[in-house]
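Below is one structure, written out as structure tokens; the observations come after it.
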Amino acid sequence: MSEIEGEHGASDALMRDPERLVRLYAEGLKAVHSVSAADCPFDRRLRVKMDEARIRAESGLVDSEDFEEAYRGRSPFELLRLLEEQAPVDEDLVFTHGDYCMPNFLVRDGRRSGFIDWAGAGIADRYQDLALAVRSLRHNGLGDYAPLFAATYGLPEFDPGKVEFYILLDEFF
């Protein structure tokens, strides 16, 4: 393992040119998703993640103090019921980063230099990463750039239901 040089995607210097940053960020995710998942041993499909979420809730391992504002004041079991009601019926499986957020994306000399924090990587619906990328844009004051992110990534627009579902699912991890 070696150190990757660069600034994380939420650094002040990179935030000065948000359009360039958002394009690099989307291109980075597209590159991650282009990696073949054929031999990937890490199963992060929805049924696996839902089972893990349930186990974490039952074991008291969900930090409700860290919930997104929309979910504060609710119990993990309430959110688990929401997950079960809103679960997508289909998955578009690709190799995913698992925690694709701006601080885990690195840039050096105006180019993508790498990614960090691969602990959640594996085979999952591409919306696992897309949703967390959108959430990170929002958290970093760049929510208005989500359409540019989607267009650069290659989607005409995001599926808002899947985005919100995968953001909710992440509350359990």
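Every read-out reported here was derived from the displayed coordinates using simple, explicitly stated rules and does not represent laboratory data. Keep in mind the model is a prediction, meaning the values are calculated, not measured. No Cβ is skipped: glycine too gets one built from the backbone with ideal geometry, and neighbour counts run over all protein chains shown.
Quick notes on this one:
- Candidates in segment 78-113 are the residues that are of a type in the set (Gly, Ala, Ser) and in contact with a strand residue (DSSP E or B) (Cβ under 9 Å, 6 or more places away or on another chain); of these, the one that is nearest to Ala133 (Cα to Cα) is Gly98.
- Filter result (of a type in the set (S, T, N, Q) and under 9 Å from the mean Cα position of the chain (by Cα)) within segment 107-132: Gln128
- Matching residues, segment 29-41, being small (Gly, Ala, Ser) and either without any contact (Cβ under 8 Å) to a residue 12 or more places away in the chain or more than 21 Å from Pro103 (Cβ to Cβ) (or both): Ser34, Ser36, Ala37, Ala38
- Of everything listed in (1) under 21 Å from Gly6 (Cα atoms); (2) in contact with a strand residue (DSSP E or B) (Cβ under 9 Å, 6 or more places away or on another chain); (3) hydrophobic (A, V, I, L, M, F, W, C), the single unmet condition for Ala119 is (2).
- Filter result for Ala26 (of a type in the set (Gly, Ala, Ser) and without any contact (Cβ under 8 Å) to a residue 12 or more places away in the chain): no
- Residues of segment 152-163 satisfying the condition of being in a helix (DSSP H, G or I) and without any contact (Cβ under 8 Å) to a residue 60 or more places away in the chain: Pro160, Val163
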